[in-house]
Structures are given as C-alpha cells and as structure tokens.
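The values are calculated or read from the model by the stated rules, or taken from the named source; none is laboratory data. On a predicted model such as this, the values are computed, not experimentally measured, just so you know. Neighbour counts are summed over all protein chains in view; Cβ atoms, including those assigned to glycine, are modelled from backbone coordinates with ideal geometry. Surface areas here come from the heavy atoms of the whole protein model, side chains and all, with no ligands, DNA or RNA. Shrake-Rupley method; radii C 1.70, N 1.55, O 1.52, S 1.80 Å.
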Amino acid sequence: MSKKVALVTGAARGIGLATAKRLQSDGWAIGMLDRDREALMAAVREVEDSFALPYDISDPEQVTRAFADLRSHHGRLDALVNNAGVADFGPIAETDFQRWREVMATNLDGTFLCSQAATPLLKSSQGAIVNIASISGLRASTLRVAYGTSKAAVVHLTLQQAAELGEYGIRANCVAPGPVRTKLAMAVHTQDIIDAYHDAIPLNRYGSEGEIAEAIAFLCSPQASYITGQVLAADGGFQATGVGLPALRS
Ligand SMILES: NC(=O)c1ccc[n+]([C@@H]2O[C@H](COP(=O)([O-])OP(=O)(O)OC[C@H]3O[C@@H](n4cnc5c(N)ncnc54)[C@H](O)[C@@H]3O)[C@@H](O)[C@H]2O)c1
C-alpha cells in the first residue's frame, strides 16, 4: 500500500514546517505548499519524502493547479493541514478594505478553497482536515479586527466542514495556537505584547512550533478517528483564564 499523504500549506517555515517534519517522522509523504518559492525549496530539502507546491492559496486558479500537481505526484490525500496564514494588527479605523481583504484572502478564503479542492480526494481516503485558527479567533483583543475575525471564521468553517463532510468519513478539526515565536508573530508582537502574553498564560511562556505540530499530528492521526468538529487550543492555558492571574501568581 502506498504511503499516506498529507498536504501542509504555509510549510516553508514556522508551524507549517514543523508540522511537515512531524508528520514525516510518522511515515507520511508530504506535499509542502507555500507562496514563498525560495524558502519552500530550502524547506523541502529538510523534509524527506516531500515535494514542493509553490502556490498562493488566496488565488483560486493557483489552488486548482496545486491540487492538479498533488494528484500527479501521489493521486491520494489523507490529511489537509490548512496552516498558511498572515497577520496584520491595526486599529479598526486604520484597517482599510485592502488590508482587511488581504487577511481574509489567505486566512479564510484560502482555507475554504483548499478544503473544497481536497474534498474529493479526502472522500476516497476518509481523510482529515486540520484548520489552524488562533487564540485570537477565540478571544477578542485590540488591533485584531481583521486577523481575529478571520480566525473566528476559520473556527466556524471547521464546524461547517465537520457537519457536512462527516457522512463521507472526513473529519474536520481546528487547532488554535497560542503565541509562538515565528516570523509571523514577531512581526506584530512588541515587547509589551510579549510581556502581556507571559502574564496572561498559566504556563507563563510562548509555545514552540513543535508543540503546535504535536496537536496537529494527533488530529491527523488514526488515534483521533472519532474526533471531529473540535477546536483544540494549544495555548499554555490562555483561553482558560480570566483576570487576576499575574497578581495571584506572585
Ligand atoms: N505564531 C503564532 O504566534 C501563531 C499564533 C496563532 C496562530 N498562528 C497561525 O499559525 C499559522 C502559521 O503561522 P506561523 O506563525 O508559522 O507563520 P509564518 O509566517 O512563520 O509562516 C506562514 C507561512 O505561510 C505562507 N503563506 C502566507 N500566505 C500564504 C498564501 N496566501 N499562500 C501560500 N502560502 C502562504 C508564508 O509564506 C509562510 O511561509 C498561521 O495560520 C497563523 O495565523 C500563529
């Protein structure tokens, strides 16, 4: 029997690259998709049994080509990890329509488009979708009108997918990461934001790419065969807490 195949979007670095490595270590073949071609080619060299899909998920035509490529490489798909994402923090008044659309185009439209394109293949394999949202999609904060709203929509998209695709044996789940020191986060996290996260997170630290990849790999795996429509916050306890944690800690 041929190897199980996973497609990971945004796989050139950060959480996506860690996920590709983690799944590969479990014996999966990996389609690594990213619009940053140069970084993607370097990343593919780090992951055995992987192949590059240099496409932009916000463009429907490129998504179609990516899935045609995937079919010609392997002809099967067992898990889709919708990880590619962009962050843009700004006040509501300064979030013009173009900034709003840029965030939605990748985080929401791209996740929708890839999932739709993957569905026929996932029906054949009774495969899994894992969407990557964020704690910003579970709890609101300032400056995240576009990012937080896009991620809340990804959470609900996951529930829609679970409801509709369950009858084909396709599971759809979501991982909502807390802060991880990737390029995406470090571009928008000031020192004040970093300190505030440490204060508000019971585990008192950022997560690592590998810790998020573990949650994603679990939801892709047969060990999660009766789990669908769930949101797993891999967030050091951030979502669990309310006011007063730093004061109570000291
Ligand atoms: N890092 C964090 O603190 C954090 C927290 C919560 C959620 N997340 C989510 O985790 C996911 C991965 O984030 P990361 O921190 O690893 O970011 P990252 O910026 O390190 O990596 C994201 C990758 O996605 C690619 N990408 C972006 N838009 C794309 C598009 N339209 N088409 C194809 N590729 C595209 C980028 O080129 C990049 O390689 C994102 O969805 C992000 O919103 C991250």
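List of remarks:
- Cβ-Cβ under 6 Å pairs, at least 6 apart or on other chains, the stretch 125-143 side free of Cβ contacts under 8 Å to residues at least 24 places away in the same chain, far side open to solvent by less than 40 Å² (accessible area, probe 1.4 Å): SER136/ARG144; SER136/TYR147; SER136/GLY148; SER136/LYS151; ALA140/GLY148
- Count of the stretch 60-103 residues, restricted to those that are charged (D, E, K, R), in a loop (DSSP other than H, G, I, E, B) and surrounded by 13 or more Cβ atoms within 10 Å (Cβ to Cβ), is 3.
- Of all residues in the stretch 1-28 being of a type in the set (S, T, N, Q) and either modelled with pLDDT under 95 or open to solvent by 20 Å² or more (accessible area, probe 1.4 Å) (or both), the one that is farthest from the ligand (Cβ to nearest atom): SER2
- Evaluation of LEU53 against (1) out of contact with any Pro (no Cβ under 7 Å at 6 or more places or on another chain); (2) free of Cβ contacts under 8 Å to residues at least 40 places away in the same chain (one fails), failing number: (2)
- Residue match in the stretch 175-185 (condition: open to solvent by less than 20 Å² (accessible area, probe 1.4 Å) and more than 12 Å from the ligand (Cβ to nearest atom)): no
- Of all the listed residues (ASP199, ASP195), the sole one being more than 25 Å from LYS21 (Cα to Cα), away from the ligand (no atom under 13 Å from the Cβ) and in contact (Cβ under 8 Å) with a residue 40 or more places away in the chain is ASP199.
- For first residues located in the stretch 226-250 and open to solvent by less than 60 Å² (accessible area, probe 1.4 Å), partners that are outside any loop (DSSP other than H, G, I, E, B) and aromatic (Phe, Trp, Tyr) and lie 6+ apart or on another chain with Cβ distances below 8 Å form the pairs PHE238/TYR197.
- The stretch 29-59, residues that are surrounded by fewer than 19 Cβ atoms within 10 Å (Cβ to Cβ) and among the aromatic types (Phe, Trp, Tyr): PHE51
- Test: residue in the stretch 206-224 that is at pLDDT 95 or above, outside any helix (DSSP H, G or I) and crowded, with 17+ Cβ neighbours inside 10 Å: yes
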